[in-house]
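Presented below is the structure to which this report refers.
The values are calculated or read from the model by the stated rules, or taken from the named source; none is laboratory data. Bear in mind that the values here come from a model prediction, so they are computed numbers and not experimental data. Positions of Cβ are backbone-derived with ideal geometry, glycine not excepted, and every protein chain shown enters the neighbour counts.
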Amino acid sequence: MVRMSTIDLSRRAALAAALLAQLPKSQGAWQLEPACARNFEILIDGLRTGDAVSVELGALFRDALTHPHEMTTQVMHGLLIAVCGYAAESGNAALSLEHRIRGMTARQYESLLEYVDAHLSSSLSLADLATTSTLTVAHLSRALKRATGETPKRWLQQRRVNHAKQLLVRNNGSLREIAIACGFSSQSHLTRVFVKLTGTTPRAWQASRRIPAQSRTKTAGMGVNVPRGRTPIRSLSR
């Protein structure tokens, strides 16, 4: 079987990088939004028609999705990184093409994701994100738009809301605690952004997941780890 073309590899890497941004940040039950699940299916189908390495990666993705467990998020994270790495190893042509398509390399995007996820409870400016990804502010704005279809502000809001969803699924703390842990200045700030991005309130979204009553009792009072006296300054999360 011939090696997958640099164009196909770059497309797979671009999709894998986008999926990295959509992965649940917290450990726990494996749950995906419908749009994210569809993107995984697209990636698996694309890998299945590639070379031997791509087919094997596709099989590993399929197995992980078919048999989810508490470490599935970490497994999927590793597999997505493997797809990006395989594309990078295919040569400078693939890297150059990927850079032209998405405006940044997979490594730059991964560094950006790691930094943002590690500082979600903090105020994050566009300058902070640009410095982390070794791009200018203007270049980062264009690159994120190409890679994700979102502006930096909306992309960061989505990361914060995704983390809030994970905490809501786990019944981890009050809305105020969840808001602070996700970088929102208040409960009302969280609710406003949550409604804008999902069309529903945090509690309504949580109720739609039908979390068992016994789960709520078991986790009641656990809360989230929020530094005392710390209220994030509104920046890109507004």
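May I ask you to verify whether SER215 is surrounded by fewer than 21 Cβ atoms within 10 Å (Cβ to Cβ), assigned to a helix (DSSP H, G or I) and modelled with pLDDT of 90 or more? Spell out how you get there, then give the answer.
Working: surrounded by fewer than 21 Cβ atoms within 10 Å (Cβ to Cβ): yes; assigned to a helix (DSSP H, G or I): yes; modelled with pLDDT of 90 or more: no.
Considered against the rule, which asks whether it is surrounded by fewer than 21 Cβ atoms within 10 Å (Cβ to Cβ), assigned to a helix (DSSP H, G or I) and modelled with pLDDT of 90 or more, SER215 comes out as no.
Yes or no: the range 172-191 includes at least one residue that is assigned to a helix (DSSP H, G or I) and within 19 Å of ALA18 (Cα to Cα).
Step one: filter the range 172-191 for residues assigned to a helix (DSSP H, G or I), giving 175-181, 187-191.
Next cut, within 19 Å of ALA18 (Cα to Cα) only: none.
No; the residues of the range 172-191 include none that is assigned to a helix (DSSP H, G or I) and within 19 Å of ALA18 (Cα to Cα).
Sort out which residues of the range 121-154 are surrounded by fewer than 21 Cβ atoms within 10 Å (Cβ to Cβ) and of a type in the set (A, V, I, L, M, F, W, C), and write them in order of number.
Hits for the range 121-154 are LEU126, ALA127, ALA130, LEU135, VAL137, ALA138.
Run down LYS196, LYS145 and say which single residue is among the basic types (Lys, Arg), assigned to a helix (DSSP H, G or I) and within 17 Å of GLN22 (Cβ to Cβ).
Working: LYS196 fails: within 17 Å of GLN22 (Cβ to Cβ).
Answer to the check: LYS145.
Let me confirm something: among SER111, SER90, SER54, which residue is modelled with pLDDT under 85, assigned by TED's automatic domain parsing to the domain that holds SER186 and either in contact with a helix residue (DSSP H, G or I) (Cβ under 8 Å, 6 or more places away or on another chain) or not in a helix (DSSP H, G or I) (or both)? Steps first, please.
Values: SER90 fails: assigned by TED's automatic domain parsing to the domain that holds SER186; SER54 fails: assigned by TED's automatic domain parsing to the domain that holds SER186.
From the options SER111, SER90, SER54, the qualifying one is SER111.
Do the conditions hold for ALA164, that is, is it modelled with pLDDT under 90 and either within 28 Å of ALA16 (Cα to Cα) or outside the structural domain of SER208 (by TED's automatic domain parsing) (or both)? Walk me through how you get there before you give the answer.
On the way: modelled with pLDDT under 90: no; either within 28 Å of ALA16 (Cα to Cα) or outside the structural domain of SER208 (by TED's automatic domain parsing) (or both): yes.
Answer is no for this residue.
What pairs come out if I take residues in the range 110-126 that are over 23 Å from ALA14 (Cβ atoms) and pair them with residues that are surrounded by 15 or more Cβ atoms within 10 Å (Cβ to Cβ) and aromatic (Phe, Trp, Tyr) whose C-beta lies under 9 Å away, six or more apart or interchain?
Sorted first by the residue in the range 110-126, then by its partner, the pairs are LEU124/TYR115.
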